[in-house]
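This report refers to the structure that appears directly beneath it.
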Amino acid sequence: MLKPAGIILIAVLLWAGCTTEPYRTANKPVPPNWPATNEVQKLQLPPLPRPVPSVVKTNPPPAVHPTNAIHPAPVITWAPLNRWAADHKIGAPHLLSGLPVATYAIGSTNGVMVLEIGSREAIWNGIEINLGFEPQLIDNQVFLHVLDLQRNLEPLLCDPPLRFRTNRVIVIDPGHGGPNTGARSVLDGRFEKEFTLDWGKRLAPLLETNGWQVILTRTDDVYVANSDRAVFADAHHADLFISLHFNSSGPDERAHGLETYCLTPTGMSSTLVRGYNDFWSENFFNNAFDAENLQLAVRLHAAVLRATAMEDRGVARARFMEVLRGQKCPAILIEGGYLSNPHEAKMIESPEFRQKLAEAIAGALK
Ligand SMILES: [Zn+2]
């Protein structure tokens with residue numbers, strides 16, 4: 001079931017995240033203009049268009065006039081979920097629960113998606129994902145934004161699962177390095193950059209055993225600019241890119257769990273903006289891989305959750321992550337727990353846990 005909204009809000013309030021940008025450091029207080037709450041994020045959103053069924057059902061008027069060019073066809077933004085399901089030859093959505101809010105399930109041979117009316121949080125095969133728009137209920141029919149249908153439901157419910165041939169190139173990106181230390185362990189001040197590098201070095205041989213050509217963006221404690229990590233992957237003709245990080249919400253120690261990020265599809269709002277101007281119309285190289293990004297994120301996120309029993313903080317979307325935006329292959333960023341949480345910091349500092357993280361990812365990419 002969906003998590004109570006209160007828990008989600010608290011989680012968002014606690015979230016300060018691990019840095020993928022050189023300017024963030026652990027234990028650094030949140031600047032006053034930092035969008036640390038849901039409320040600020042919501043204030044940045046343009047008004048949600050009301051679904052208009054008549055627009056969805058009506059074809060554009062026939063061209064009858066040379067000046068038709070100044071009367072473009074209506075933009076279809078919302079569609080009834082049951083009609084989309086029928087078009088894609090999968091079963092109709094069914095009501096799971098009417099109270100306190102209506103939740104619906106829709107399934108295919110790939111799995112089951114649970115949607116909550118009025119909430120961007122959805123559950124795919126038991127893990128949390130984030131929609132771009134809140135599902136609407138109109139005349140007892142579920143309407144979804146067409147971008148959610150195309151970019152979230154279709155890749156998961158309809159597309160064949162990602163398959164990998166052997167000898168493909170995977171670039172593993174241990175986050176931070178050199179003066180860009182990343183987050184600090186609340187236990188003893190050790191840096192995120194040390195743990196991401198160790199995680200990457202553990203992961204590389206496991207992937208090689210599975211037939212991947214593995215290249216690390218760094219193998220030592222050196223600074224690599226985030227933008228250069230995308231250039232690096234492109235130069236090595238990467239087929240997949242995975243950035244490894246650990247999280248922090250310091251000085252608050254409560255936040256914990258696993259988060260996985262991929263680039264926000266064009267036209268949607270991000271789950272996390274962290275001070276970045278989240279322009280919906282922006283289209284980056286990596287948006288060509290929206291479907292694969294989500295499939296990859298969901299697959300690795302689920303595998304790490306299974307292996308570690310960490311709290312599921314969801315698969316989320318962000319535009320500010322430079323390591324993802326310029327990638328010319330499917331790319332994700334994993335935050336493998338919170339160094340600001342004493343329990344998780346202890347885990348992250350343990351080599352056995354980092355080995356478990358590595359094995360989970362390698363196992364998911366067999
Ligand atoms: Zn980081």
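The table for this structure:
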| quantity | calculated |
| --- | --- |
| Residues satisfying the stated conditions in the stretch 118-156, i.e. assigned to a helix (DSSP H, G or I) and farther than 16 Å from residue 296 by Cα | 146, 147, 148, 149, 150 |
| Test for residue 346: is it in a helix (DSSP H, G or I), surrounded by fewer than 20 Cβ atoms within 10 Å (Cβ to Cβ) and at pLDDT 95 or above | yes |
| Scope the stretch 128-178; condition among the small types (Gly, Ala, Ser) and over 22 Å from the mean Cα position of the chain (by Cα); matching residues | 177, 178 |
| Tally, over the stretch 243-264, of residues that are surrounded by fewer than 24 Cβ atoms within 10 Å (Cβ to Cβ) and either under 15 Å from the mean Cα position of the chain (by Cα) or among the polar types (S, T, N, Q) (or both) | 1 |
| From the options 289, 279, residue that is among the aromatic types (Phe, Trp, Tyr) and touching a Cys at 6+ places or on another chain (Cβ under 9 Å) | 289 |
| Hits in the stretch 188-219 - residues which are surrounded by fewer than 21 Cβ atoms within 10 Å (Cβ to Cβ) and basic (Lys, Arg) | 190, 201, 202 |
| Strands (runs of 3 or more DSSP E) completely within the stretch 67-117 that count 1 or more residues being at pLDDT below 95 | 94-97 |
| Positions within the stretch 298-317 being aliphatic (A, V, I, L, M) and over 15 Å from residue 160 (Cα atoms), in sequence order | 300, 302, 303, 304, 305, 307, 309, 310, 315, 316 |
| Selection status of residue 326, open to solvent by 10 Å² or more (accessible area, probe 1.4 Å) and touching a residue at least 60 places away in the same chain (Cβ under 8 Å) | yes |
| Among (1) part of a strand (DSSP E or B); (2) without any contact (Cβ under 8 Å) to a residue 40 or more places away in the chain - the single one residue 313 does not satisfy | (2) |
| Residue in the stretch 332-348 that is more than 16 Å from the ligand (Cβ to nearest atom) and more than 24 Å from residue 251 (Cα to Cα) present | no |
| Within the stretch 268-308, tally of residues that are assigned to a helix (DSSP H, G or I) and either open to solvent by 20 Å² or more (accessible area, probe 1.4 Å) or within 24 Å of residue 338 (Cβ to Cβ) (or both) | 21 |
| Among the residues listed as 134, 154, the single one being open to solvent by 10 Å² or more (accessible area, probe 1.4 Å), at pLDDT 95 or above and over 21 Å from residue 287 (Cβ atoms) | 134 |
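The values are calculated or read from the model by the stated rules, or taken from the named source; none is laboratory data. Please read all numbers here as calculations on a predicted model, not as lab measurements. Here the Cβ is made from the backbone with ideal geometry for all residues, glycine too, and neighbour counts use every protein chain on show. Protein only, heavy atoms only, side chains kept; ligands, DNA and RNA dropped before computing areas. Shrake-Rupley method; radii C 1.70, N 1.55, O 1.52, S 1.80 Å.
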